[in-house]
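Take a look at the structure set out below.
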Amino acid sequence: MELDDRKLKILTAIIRNYLETGEPVGSRTISKDSDLNLSSATIRNEMSDLEEMGLIVQPHTSAGRIPSDKGYRLYVDMMLKEKEEELNNLKVELNAKSEKLDTILKEAAKVIADSTNYASMITVPQYRSKKIKFIQLTQVDYSSILCVVVLDGNIIKNMMVPCDRELPQDAILKLNLMMNTFLQGLDMQEINVSVMQKLRTEASEYSALISDILDAVAKCLEEQGVEAYTSGSTNIFKYPELNESGKATNLLYALEEKKQLTELMYKEGDKDRGIQVYIGEENPIEATKDCTLVTATYHLEDGVYGKIGILGPRRMDYEKVVGTLRNLMSELDGIFHKE
């Protein structure tokens, strides 16, 4: 008997419902909770075929069905094969994009500094959404498991999770299945106590390991430091008012250290307000209180954005700076949306 697409969808629905509830799954549940648009009678016929194929079993008369080991095996093997292919393709694609993006951003920082005669900073894009796309667990040796988490925006995070024993392959498959079933599509706020408890209960003897894996996933979802490129730092020596009493040294440190400047550019509520200008005392950073900082936001795709900053004296050419920023944002938009 052939396992066609419809049978596979019904098997998938049975497995996901059973993992969620721990109760046998009936045809009415499948008809309500899936997008198959099939009658209960049709689903019952398909479930009978799946039972005959040994992929599901009926624990007792008049009960729904639950997955058999053979059913789990088929589902997990197909899921992991699909995710492995997707992950490999993503890595190749993202490596190419990352190299291209780094080159473009470094060149953009230099162009800004050269054209304005001020110091410039441009950040690597950040992602507003931090929802889990999928998770892959692989035991690399008896004492550690590699946890690969792919987030929305195709961000890939890798974490090593300690393990006190070598796990059988079936256990790794089960853990992969559970993590993706319970966590796919969630962000950090949605991974609540109830979700974690369900995972630990389902994991049974591996509940302690699940706790460590959840800790690793949480770290992947935490905000990471912002990477930024700077250029034209020595331009500040062209302005006498910035050379007094070691001011230039403090400014150079702020540009080199980057953290305070990037935090200012990413401050709460300042993601989509266009071009912002901080003049003199308006700058919360002590080293820049004799300067003007002009910032703008560029967008690569929905939910993916970065910041551009230009730092110079109060007497900067504001019209030129604003024009330069607008031109650069337009050029970046053209580069990353031309396909």
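Every number in this text was worked out from the coordinates using simple rules, so none of it is lab data. The structure displayed is predicted, hence computed values, not measured ones. A quick note on method: Cβ atoms are made from the backbone with ideal geometry, for glycine too, and the neighbour counts reach across all protein chains shown.
Can you work out the FRET efficiency for the pair Ser330 and Leu146, with r the C-beta to C-beta distance and R0 = 45 Å, to the nearest 0.05? Don't skip to the answer; put the middle values down first.
On the way: r = 42 Å, r/R0 = 0.93.
Plugging the Cβ-Cβ distance into 1/(1 + (r/R0)^6) gives 0.60.
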### Message
Around Val195, under 13 Å between beta carbons, what's the net of Lys plus Arg minus Asp minus Glu among the other residues?
### Response
-2
#### Entry: Positive dipole terminus of the range 132-221, leading residue within Val217, Ser204, Pro168 (C-beta point charges)
Val217
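Tell me the GluC sites (Glu not before Pro) within the range 230-300 that lie in a loop according to DSSP and have at most 13 other beta-carbon atoms within 10 Å. Intermediate results must be reported in sequence, preceding the final value.
Numbers: sites: Glu241, Glu244, Glu256, Glu257, Glu263, Glu268, Glu281, Glu282, Glu286; in loops: Glu268.
Filter output for the range 230-300: Glu268.
What value, in deg cm²/dmol to 500, does the helix sum -39500 (n - 2.57) over DSSP H runs of n ≥ 4 give at 222 nm once divided by the residues of the chain?
Details: 10 runs with 164 residues, N = 339.
Calculated from helices alone, the mean residue ellipticity at 222 nm is -16000 deg cm²/dmol.
Going by how many other beta carbons lie within 10 Å of each one, how would you line up Ile155, Ile104, fewest first?
On the way: Ile155 18, Ile104 15.
Lowest count first: Ile104, Ile155.
For Asp35 and Thr21 in one chain, what is 0.36 nm times their gap in residues minus the Cα-Cα distance, to one decimal in nm? Spell out each step's value before the answer.
Details: separation 14, 0.36 × 14 = 5.04 nm, distance 1.91 nm.
Result: 3.1 nm gained on full extension.
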### Task
Would you mind checking which residues have amide H under 5 Å from Lys307's amide H? H placed 1.01 Å from N; only 5 or more apart, or other chain.
Thr123, Tyr298
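I'd like the trypsin sites (Lys or Arg not before Pro) in the range 142-180 restricted to DSSP loop residues with at most 15 other Cβ atoms within 10 Å, sorted by number.
Values: sites: Lys157, Arg165, Lys174; in loops: Arg165.
Answer by residue number: Arg165.
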### Query
With a ≥ b ≥ c the root eigenvalues of the C-alpha gyration tensor of the range 132-221, is it rounded (a/c under 1.5), prolate (a/b larger than b/c) or oblate?
oblate
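Calculated FRET efficiency, Leu8 and Val124, Cβ-Cβ r, R0 25 Å, to nearest 0.05? Intermediate values should be presented prior to the final figure.
On the way: r = 40 Å, r/R0 = 1.62.
Rounded to the nearest 0.05, the efficiency is 0.05.
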### Message
Only counting other Cβ atoms within 10 Å, I'd like Met316, Met265 sorted with the fewest neighbours first.
### Response
Met316, Met265
#### Entry: Cα→Cβ-extended label distance, 7 Å offset, between Asn158 and Glu82, nm
2.5
### Cα-centred dipole magnitude for the range 132-221, charges only on beta-carbon of K, R (+1) and D, E (-1), debye, nearest 20
160
### Summary
From fewest to most C-beta neighbours within 10 Å, the residues Met188, Met160, Met178 line up as Met160, Met188, Met178
